[in-house]
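One structure is given here, and the rest of the page talks about it.
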């Protein structure tokens, strides 16, 4: 009974903050339960929580030394709950549910083990498509710890051969920092601090006009840091701080994300950011977590220690007054940043701030425009455009601006400036643009919205407008896509004898709207084509049941505006 009471008490124990291994955690993670996914020396090319262009990295990237086909093993007993073949994204991936309530996830695989390969191919032929997402029942396909699961690769959105590995809470599909489970990488190196930024926050709206004072730093003999000019920083009114920091490991050139960033004012904790777990539906909020306007201008990521009111991210372990500070006296005040990696290697920087009534905040008020509230639906109606922004799409209140100018020579509308590129949005909004007289009825079905840099936003003509769902502000206009995708055969010509070939290869591309689908047929029967969008490579591996003799081959490739290209050839095998 005592043992049962102890188990029950552990189950209902609130998620209080615990100090273990000199890092902050909100739960106990099982140790020695999971093995490493590969039997090679563990080296990382990416870490959990690392700052990426559009998201926080949700796992650890294991290096495979520029090789593919490294065996990948089940990290613990479990059953395969999901297999996915994706164009872009995670490529070939496997989800393995474990009895302890966690799921291990393996992405960018070259192939699955023999049984899973067969299972996924049956599903691809059943659905007659390359990209499939298959959910399996518990016990349908079980694996023991250390049993071969797959082989590493470079599929999907991978920028080079590696294994992306995650451990998630099974019920919530919430990813955790995998090193918290004991699957650590060799690391005795402290994080590094590259700079600090002081933000004068007299204007409650944070944007590109917010005054920024970037501070240079220098490393000290003990591995910690100080300001290069070690004099008190003058402030006057509300202010916030940001830090440019990354983690490093000995012997490699990669930079990694840190685990925690703590900010103290006179030993009072103002802000703690913790990369223990990051919900997938909040990961795009990285654009509000960092100083997005400064990143757009400089490609330098400053991690703000204060939070915009519309930022839904849940990585703050504590946050006093949203991280915004204001000094009420003229005394010197001590500021301290403490930065740790997941193994507890710690870096600090200490400096002073002081209120100075003579310091003038050089504040440039936000441009005049229509006032948008981030908590409300917002609509802007112009003569030739309509913008509809749902509530909770903006990170902050916004003085929204709009203008219209002459479009490019290939445009079928004016050029519409939707606010500016320095203001990020969390979700999507609806943008409708009225075409000019160049857009004839014959082109209605081919019309779409594009950004000024030529990137397709998709869209559909309806009721005199072309409407698309977009995820950024900037300059947009209407274009048309009447050009079919291109197909280039790499190793097939008409009437070729392909007896010596395992597969036939093609390069496919599209000029604007992008590839929507591809379908191939041998002697009129659908056959599987595999696709790597990174290098536009499309190929078919001949099935073992293909009989010898002459065969007909047909490939159809369609873009998102239903323009179709067909390639046909005969071959002998």
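Is it the case that the range 91-109 has a residue that's on the phi > 0 side of the Ramachandran plot, in a loop (DSSP other than H, G, I, E, B), surrounded by 15 or more Cβ atoms within 10 Å (Cβ to Cβ) and modelled with pLDDT of 95 or more? Among the residues of the range 91-109, at least one is on the phi > 0 side of the Ramachandran plot, in a loop (DSSP other than H, G, I, E, B), surrounded by 15 or more Cβ atoms within 10 Å (Cβ to Cβ) and modelled with pLDDT of 95 or more, which makes the answer yes. None of 19, 65, 28 is part of a loop (DSSP other than H, G, I, E, B), over 30 Å from residue 533 (Cβ atoms) and modelled with pLDDT under 95 except 28.
Residues 69, 92, 113, 117: which one is more than 25 Å from residue 342 (Cβ to Cβ) and within 21 Å of the chain's Cα centre (by Cα)? Please lay out each step first, then the result.
Details: 69 fails: within 21 Å of the chain's Cα centre (by Cα); 113 fails: within 21 Å of the chain's Cα centre (by Cα); 117 fails: within 21 Å of the chain's Cα centre (by Cα).
Of the residues listed, the single one that is more than 25 Å from residue 342 (Cβ to Cβ) and within 21 Å of the chain's Cα centre (by Cα) is 92.
Taking residue 318, is it closer than 30 Å to residue 449 by Cβ and either outside the structural domain of residue 169 (by TED's automatic domain parsing) or exposed (fewer than 14 other Cβ atoms within 10 Å of the Cβ) (or both)?
Taking the combined requirement at face value, the residue does not satisfy it.
Scanning the range 355-371 finds one or more residues that are modelled with pLDDT of 95 or more, crowded, with 16+ Cβ neighbours inside 10 Å and over 30 Å from residue 471 (Cα atoms). Residues of the range 197-218 being touching a residue at least 12 places away in the same chain (Cβ under 8 Å), out of contact with any helix residue (DSSP H, G or I) (no Cβ under 9 Å at 6 or more places or on another chain) and more than 22 Å from residue 368 (Cα to Cα), which ones? Listed by number, the residues that qualify are 198, 213, 215, 216, 217.
Considering the conditions (1) assigned to a loop (DSSP other than H, G, I, E, B); (2) modelled with pLDDT of 95 or more, residue 548 is excluded by exactly one of them, (2).
Does the range 422-429 include one or more residues that are more than 11 Å from residue 475 (Cβ to Cβ), surrounded by fewer than 18 Cβ atoms within 10 Å (Cβ to Cβ), modelled with pLDDT of 95 or more and within 31 Å of the chain's Cα centre (by Cα)?
We begin by selecting, within the range 422-429, every residue more than 11 Å from residue 475 (Cβ to Cβ); these are 422-429.
Within this subset, residues satisfying the condition of being surrounded by fewer than 18 Cβ atoms within 10 Å (Cβ to Cβ) are 422, 427-428.
Keeping just the survivors that are modelled with pLDDT of 95 or more gives 422, 428.
In the following step, the residues that additionally are within 31 Å of the chain's Cα centre (by Cα) were identified as 422, 428.
Yes, the range 422-429 contains a residue that is more than 11 Å from residue 475 (Cβ to Cβ), surrounded by fewer than 18 Cβ atoms within 10 Å (Cβ to Cβ), modelled with pLDDT of 95 or more and within 31 Å of the chain's Cα centre (by Cα).
Elements of the type strands (runs of 3 or more DSSP E) sitting completely within the range 388-462 and holding at least 3 residues that are under 22 Å from residue 560 (Cα atoms): these cover 429-433, 447-451, 456-458, 460-462.
Residue pairs whose Cβ atoms lie under 6 Å apart, sitting 6 or more positions apart in sequence or on different chains, and linking a residue in the range 163-175 that is outside the structural domain of residue 75 (by TED's automatic domain parsing) and on the phi < 0 side of the Ramachandran plot to a partner that is surrounded by fewer than 23 Cβ atoms within 10 Å (Cβ to Cβ) and part of a loop (DSSP other than H, G, I, E, B), do not occur here.
For the structure I just gave you, tell me whether residue 506 is closer than 16 Å to residue 518 by Cβ and either at pLDDT 95 or above or not in a strand (DSSP E or B) (or both). Before you say what the answer is, go through the steps one by one.
On the way: closer than 16 Å to residue 518 by Cβ: yes; either at pLDDT 95 or above or not in a strand (DSSP E or B) (or both): yes.
Taking the combined requirement at face value, the residue satisfies it.
The values are calculated or read from the model by the stated rules, or taken from the named source; none is laboratory data. Because the structure is a prediction, the values reported are computed rather than measured. Every residue, glycine among them, receives a Cβ derived from its backbone with ideal geometry; neighbour counts consider all protein chains shown.
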